[in-house]
1. Does region 39-47 contain any residue that is more than 21 Å from Trp86 (Cα to Cα), small (Gly, Ala, Ser) and under 32 Å from the mean Cα position of the chain (by Cα)?
2. Which condition from (1) surrounded by 13 or more Cβ atoms within 10 Å (Cβ to Cβ); (2) within 27 Å of the chain's Cα centre (by Cα) is the one that Arg27 breaks?
3. Only one of Pro2, Pro63 is modelled with pLDDT under 85, loosely packed, with under 15 Cβ neighbours inside 10 Å and not in a helix (DSSP H, G or I); which?
4. Scan region 63-74 and report the pairs whose first residue is closer than 18 Å to Leu46 by Cβ and whose second residue is β-branched (Val, Ile, Thr), with Cβ atoms within less than 8 Å and a gap of 6+ or a chain change.
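The values are calculated or read from the model by the stated rules, or taken from the named source; none is laboratory data. Since this is a predicted model, take the numbers as computed values, not measurements. So basically every Cβ, Gly included, is an ideal-geometry build from the backbone, and we count neighbours across all protein chains shown.
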Amino acid sequence: MPLSEHEQRQLEQIEQALYREDRRLARLVRSSDPRVHYRRRVAEALAGLALGAAMIAAGIILPVIGLAVAGFVVILLSGIWALSNWRQMSTVGVVQGGQGGPPGRRRSRRSRRGRAARVGFWDGVDERWRRRQEGDF
């Protein structure tokens, strides 16, 4: 059963108070959040991209073709790894749907608003169709 807006705010306030009082608890909770691990992996992959770019530059400046090719391979693999972890990180936020902290809650609120707008749009389309069929333009 989802929490109401008021209950969610109260829960956030309680969590913030606990994190302020006990830094160790906050670190343990953050380390168990899978998004933190995926974010760290994305940062590592970005470092791999920079390393690969440096290898390519060094391979071009120095007449070493193997170094440039190795740099390209490092960039390619790091890019794939970054995209894979980025997708997993965003999927974890959507799947948790408000259980994992503020980012997940924001996503679910947006989707609820979008769903309500679509229902309103289709209601309007149905109403216009009905009026046309009845001859009330």
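1. no
2. With respect to (1) surrounded by 13 or more Cβ atoms within 10 Å (Cβ to Cβ); (2) within 27 Å of the chain's Cα centre (by Cα), Arg27 is out only on (1).
3. Details: Pro63 fails: modelled with pLDDT under 85.
When all the criteria are applied, what remains is Pro2.
4. Partner pairs satisfying both residue conditions: Gly71/Ile56; Phe72/Ile56.
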